[in-house]
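All remarks here apply to the structure that follows.
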Amino acid sequence: MALVLSASVGLISCKTEVKQENERDYLSEVKSVNKLILAQMTISKMATVDDIDFSKASNLKDIAAGLIDALKVGDRKAAYSYDTYLRAYIDLNGVTADDIRVDESSKTIALTLPAVQTEFAGRDLRIREDHYRVTGLRSRIDAKERAEIKEHMNEVLRREVEEKPDFRLRLENEARSRCASYFQSLLGDGGYTVKVNFR
């Protein structure tokens, strides 16, 4: 009798282990990519170099520079542009087991994810020279002035992105759409339908 009982316990234990091994760890699969980058946008900015307009001069330094420029023979005009990159991502480190609901009867997986976030993802190292015309006695546009132009463009672009939500909203919408397709592909095998919601 003791031998039969011991064998039964062994079989039950063995079946439990097999079941645990076959259970799918959805949480680990979702969190396998800590930071899921879903969309990226290239934003171009252009700046021009021209003589100072007296009507727009705001201080004595600009007025003096404008007077000197007016006395010099020749033209000094240039246009520069460069690209910066904005991307949308989801930080999956915050996903918990409570955020994943599996309904075996309807073959549905409900997944609640953190909100989509955006960030700047770098910019071109150099600015592009789209137009350059310096003639006569006018001074050339040197590396220092080009660096200042680039920094000014970068400040203006970042301010525009912060103040106007159009760029971010477009990117966030694209990211949400791609997110649904990504997790359907990742978790939807076996006939499951994955429904993605965001906090």
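To the nearest 0.05, what FRET efficiency results for residue 164 and residue 103 with a Förster distance of 45 Å applied to their C-beta separation?
0.60
Calculated FRET efficiency, residue 121 and residue 96, Cβ-Cβ r, R0 30 Å, to nearest 0.05?
That gives a FRET efficiency of 0.65.
Among 134, 154, 84, whose Cα lies farthest out toward the positive end of the dipole of the range 78-178, if unit charges sit on the beta carbon of Lys, Arg (+1) and Asp, Glu (-1)?
134
Based on the Cβ-Cβ distance of residue 156 and residue 198, what FRET efficiency does E = 1/(1 + (r/R0)^6) give at R0 = 45 Å, to the nearest 0.05? Walk me through the numbers on the way to the answer.
Working: r = 31 Å, r/R0 = 0.70.
Approximately 0.90, to the nearest 0.05.
Kindly write out, for the range 26-40 in residue order, the coupling ³J(HN,Hα) from the Karplus curve 6.51 cos²θ - 1.76 cosθ + 1.60 (θ = phi - 60°), rounded to whole Hz, with x marking Gly and Pro.
4, 4, 5, 5, 5, 8, 4, 10, 4, 10, 8, 8, 10, 7, 9
Rounded to two decimals, what ratio of Rg to Rh does the range 125-199 give with C-alpha atoms and a Kirkwood Rh?
Using Cα coordinates only, the ratio equals 1.34.
Please list 3J(HN,Hα) in residue order for the range 159-164, calculated via the Karplus relation 6.51 cos²θ - 1.76 cosθ + 1.60 where θ = phi - 60°; whole Hz, with x for glycine and proline.
Going residue by residue, I get 5, 5, 5, 6, 7, 10 Hz, with x marking Gly and Pro.
A short reminder: the numbers here are calculations on the coordinates, not readings from a lab. Keep in mind it's a predicted model, so treat the numbers as computed, not measured. Virtual Cβ from ideal backbone geometry, glycine too; neighbours counted across all protein chains shown.
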